[in-house]
1. Only one of (1) more than 29 Å from Leu115 (Cα to Cα); (2) open to solvent by 40 Å² or more (accessible area, probe 1.4 Å); (3) in a loop (DSSP other than H, G, I, E, B) is not met by Glu245, so which one is it?
2. Does the range 256-271 contain any residue that is among the polar types (S, T, N, Q) and open to solvent by 30 Å² or more (accessible area, probe 1.4 Å)?
3. Would you mind listing the helices (runs of 4 or more DSSP H) fully within the range 50-144 where at least 3 residues are in contact (Cβ under 8 Å) with a residue 12 or more places away in the chain and either surrounded by fewer than 18 Cβ atoms within 10 Å (Cβ to Cβ) or in contact with a helix residue (DSSP H, G or I) (Cβ under 7 Å, 6 or more places away or on another chain) (or both)?
4. Between a residue in the range 292-315 that is over 17 Å from Arg243 (Cβ atoms) and any residue that is charged (D, E, K, R) and surrounded by fewer than 17 Cβ atoms within 10 Å (Cβ to Cβ), which pairs come within a Cβ distance under 6 Å, given they are 6 or more apart or on different chains?
5. Would you point out which residue out of Pro187, Pro207 is over 21 Å from the mean Cα position of the chain (by Cα), crowded, with 18+ Cβ neighbours inside 10 Å and within 17 Å of Val153 (Cα to Cα)?
6. Mind telling me which of the residues Glu410, Glu338 ends up being assigned to a helix (DSSP H, G or I), closer than 25 Å to Trp240 by Cβ and out of contact with any Phe, Trp or Tyr (no Cβ under 6 Å at 6 or more places or on another chain)?
7. May I ask you to verify whether Tyr217 is more than 30 Å from Glu310 (Cβ to Cβ), in a strand (DSSP E or B), at pLDDT 95 or above and over 22 Å from the mean Cα position of the chain (by Cα)?
8. From the list Glu447, Glu424, Glu417, exactly one residue is open to solvent by 70 Å² or more (accessible area, probe 1.4 Å), of a type outside the set (A, V, I, L, M, F, W, C), under 30 Å from Asp351 (Cα atoms) and not in a helix (DSSP H, G or I). Which is it?
Amino acid sequence: MHPDPRDPHPTPQVGVVVIGYNDADHVVDAVRSALDQGTAVGEVVAVDDCSTDGSGELLARLAADEPRLRIVRRETNSGGCGSPRNTGIDAVTMPYVMFLDSDDVLPPGAVDALLAAAEGAHAEVASGLCVRRELPSGREQPWQARLYTAHTVLTHPSQRPRLVHDTLCVNKLYRTAFLREHGIRFPEGRFLYEDFVFTARVLAAAPRITLVPDRVYVWHVRRSAEQLSLSLDRGRIDNWKARTEACAMAYDILLGAGQKELARAARAKFLDHELRMYARELGLRDGDYQRAWWAHTREYLARYDAADWEANPSAPGRLLARVVLESPEPCDLPRLKELAARPARLLPPYDRTPDGTPVWSADLPQASLTPLLTRPTRLLPLTVEAELRPRARGTRLRLRLHELYGRVAEAGPQEVEVEWQSREDGHTAQHERTTFTPSGTDGWSAEVPVDLDRLGAGTWDLRLTVHFADGASRSMTAHALAGAGRLRRHAVPSFRHAVLLVQPYATHSGALALRVATGIRGVMKVADGRLRRLLH
């Protein structure tokens, strides 16, 4: 029987497994978000991984008034997320199961959307959109949104290789019998990135899958928390080794199940996602970490075969990987950081060998950049340098677009659209469009006004779209020029706010962004915060 979405009292069919350890501040909200899904949720199994902060007592009080809530307390702490989720799989009695972490929530209607899709498609797995919600700002970023644009039914996972990019287990509904029949479980104990392995085991079993565009999970990202979540704590080399181990296991699982296309996609995903993410942060680490990361990454990449490199050879992650493989020691970290950015930027110099072959650098000619000669214009790792100097009589943004092995001149740059996007809520405050003009022999320049009063208080990211004569366009960010006082604070008179405190700065990926504080109170708040940091 398929559930009728109009039925206010559908038959209970879903068990939600909520796992938690010492998360008394959030676990009750997580459990309530599962219970509030309605009568389709027949049980919520709260697995307490031996908490010592009173979480268990909070759950017990909640369970006293909620018969659908069952509490399972593990006798010893597992050190990870896999073991408590396995405990939940064993305890669930409903035909379907979902997973929820104690610091996240299920949005209203999530279970109904997934259950209706699963039942309607006779699918073993139903998957929906997860959003990452940055706290305390509340800004939301969809996770793998390209997978969830429309209702889709896949009779086999290989029909959508990009499924390997969605390694989360929490935005999905699983048929309980499917997991048990195939022995699909999470790695036990303290195993980071257990989702990677679990998802690979699910895909390897070739389930029928349905995708829905509905929001079904809210992933709370608390970067200022005293204890970062395991996935955000990337400052130690053990984290990178754990991530590569999980990626290697996922590849082996898929290949061992005969899922060659998905296995190949998993290796491509490592280059496009994992490698680029950690390379962007490499300059923040000390020399010991950098050398250990470089050596371990080279060892991991050495496992790739020719076919792994042939697919999309001009993609930024593959170019980055080639540099790492060809250099025995860490090199060009600032330039690699820019190539790893999203969108990618390849900073000058643009060297060639004596026969004209594009290469990474004169010191590393074996790292060829020949694939860039055929990469579509809209995907080229173009570099626009940006300089913003606030002035009382009008602030101007200066842009310079660099040539890239003749590809830019070939496409014919004409115009650039300039937008400032709020970091807090994503809205755009200004939109300007201007013409590029030739500047020297290897570049083009443009200049636009910036109305700081219209921007107002907040953090603003610069977004550009370059339009070419051949009809192509390239969306990108701009490289922040440093030096000569370009990235320092400026106090600027304001008609609307009396005074503005403006600071252009480079993000950790090298892109230009802007902080603005308004009014005397806003300026004093910034000054007070800076003083406190100096004193501590």
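1. Unmet condition: (3).
2. Checked the range 256-271: no residue is among the polar types (S, T, N, Q) and open to solvent by 30 Å² or more (accessible area, probe 1.4 Å).
3. Qualifying helices (runs of 4 or more DSSP H): 55-64, 82-91.
4. none
5. Only one candidate passes the filter, namely Pro207.
6. The match here is Glu338.
7. Taking the combined requirement at face value, the residue does not satisfy it.
8. Glu447
The values are calculated or read from the model by the stated rules, or taken from the named source; none is laboratory data. Please read these numbers as outputs of a predicted model, since none were measured by experiment. Cβ: placed from backbone, ideal geometry, glycine included. Neighbour counts: every protein chain shown. Side chains included, ligands, DNA and RNA excluded: accessible areas come from the protein's heavy atoms. Shrake-Rupley method; radii C 1.70, N 1.55, O 1.52, S 1.80 Å.
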